[in-house]
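Below is one structure, written out as structure tokens; comments come after it.
The values are calculated or read from the model by the stated rules, or taken from the named source; none is laboratory data. As the structure is a computational prediction, the values presented were derived from the model and not from experiment. Glycine also receives a Cβ, built like all others from the backbone with ideal geometry; neighbour counts cover every protein chain displayed.
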Amino acid sequence: MFRATREQAGRGVGAPRNTPPEIISKLNTEINAGLADPRMKARIADFGYTVFANSPADFGTFIAAYTEKWAKVIKFSGIKAD
């Protein structure tokens with residue numbers, strides 16, 4: 001859908017598993033259209049983020065890589081949940 005990054009933090013819009021593909025496509029189209037608006041880009045930039053409008057597949061790839069990256073950090077550090 002989209003990805004916004006700031007100092008290594010990732011943000012984005014997702015939908016529940018099993019959301020119909022036509023709904024995902026519509027959301028992606030509308031969100032990316034909104035992100036193309038210069039006022040929206042400027043407002044997001046005001047918060048220190050850079051926007052990357054992309055496809056649901058690209059966003060999924062980003063989330064998988066982001067999860068893997070931080071899983072390695074957590075495992076290496078020995079952090080445990082309370």
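Kindly indicate whether Lys26 is loosely packed, with under 14 Cβ neighbours inside 10 Å and either assigned to a helix (DSSP H, G or I) or touching a residue at least 60 places away in the same chain (Cβ under 8 Å) (or both). In short, yes. Can you confirm whether segment 10-17 contains a residue that is among the β-branched types (Val, Ile, Thr) and modelled with pLDDT of 90 or more? So far as segment 10-17 goes, no, none of its residues is among the β-branched types (Val, Ile, Thr) and modelled with pLDDT of 90 or more. Report yes if Lys41 is among the basic types (Lys, Arg), in a helix (DSSP H, G or I) and either surrounded by 11 or more Cβ atoms within 10 Å (Cβ to Cβ) or in contact with a Lys or Arg (Cβ under 7 Å, 6 or more places away or on another chain) (or both), otherwise no. It is true that Lys41 is among the basic types (Lys, Arg), in a helix (DSSP H, G or I) and either surrounded by 11 or more Cβ atoms within 10 Å (Cβ to Cβ) or in contact with a Lys or Arg (Cβ under 7 Å, 6 or more places away or on another chain) (or both). Could you tell me whether segment 49-68 includes any residue that is loosely packed, with under 15 Cβ neighbours inside 10 Å, hydrophobic (A, V, I, L, M, F, W, C) and not in a helix (DSSP H, G or I)? No, because not a single residue in segment 49-68 is loosely packed, with under 15 Cβ neighbours inside 10 Å, hydrophobic (A, V, I, L, M, F, W, C) and not in a helix (DSSP H, G or I).
Annotation note: Cβ proximity below 9 Å between a residue of segment 38-51 that is on the phi > 0 side of the Ramachandran plot and a residue that is charged (D, E, K, R) and surrounded by 12 or more Cβ atoms within 10 Å (Cβ to Cβ) (sequence gap 6+ or interchain) occurs for Gly48/Arg6.
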